[in-house]
Amino acid sequence: MPVATGSDSLEMNNSNHIPTEPSLVRREVLVKNANGLHLLPCSLIARTVKEFDGTVKLFRGSQSANAKSIMDVIQLGAVCGTELVIEVEGHGASELMDRLEQLFADEFMTDR
């Protein structure tokens, strides 16, 4: 009976490799609600990412904010029409990014 060597075993593992989701996701979003990122939208962002066991950052140009901190997000000064980049890193990044994009798309359900 043939015995698998270290290289044979490695090839076998690679052929059975299951693709995993990306652990770092970056997407651009547009602040569309009339009052920008005031206290309520910032608290909705922070609440959405609070339990995520990874990092979530918002970028406005060279400024960055920890999305788990309401004050950090408010300090970006994002008014209506501001383009932001969201960066989510960690297990479940894609799903969380989808939820955050939906918040922006729904204008945080505040200005309708």
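Descriptive notes on the structure:
- For region 69-95, a residue qualifies if it is touching a residue at least 60 places away in the same chain (Cβ under 8 Å) and either of a type in the set (Ser, Thr, Tyr) or closer than 13 Å to LYS57 by Cβ (or both), and the qualifying residues are ILE86, GLU87, VAL88, GLU89, GLY90, ALA93, SER94.
- Lone qualifier among ILE74, ILE86, ILE70 - being surrounded by 14 or more Cβ atoms within 10 Å (Cβ to Cβ), in contact with a Leu (Cβ under 6 Å, 6 or more places away or on another chain) and among the hydrophobic types (A, V, I, L, M, F, W, C): ILE86
- Long-range neighbours under 7 Å by Cβ, at least six apart or interchain, first residue over 14 Å from GLU83 (Cα atoms) within region 29-47, second of a type in the set (Val, Ile, Thr) and exposed (fewer than 15 other Cβ atoms within 10 Å of the Cβ): LEU40/THR110; PRO41/THR110
Read-outs: derived from the displayed coordinates by stated rules, not from any lab. On a predicted model such as this, the values are computed, not experimentally measured, just so you know. Here Cβ is always computed from backbone atoms with ideal geometry, including for glycine, and neighbour counts include all displayed protein chains.
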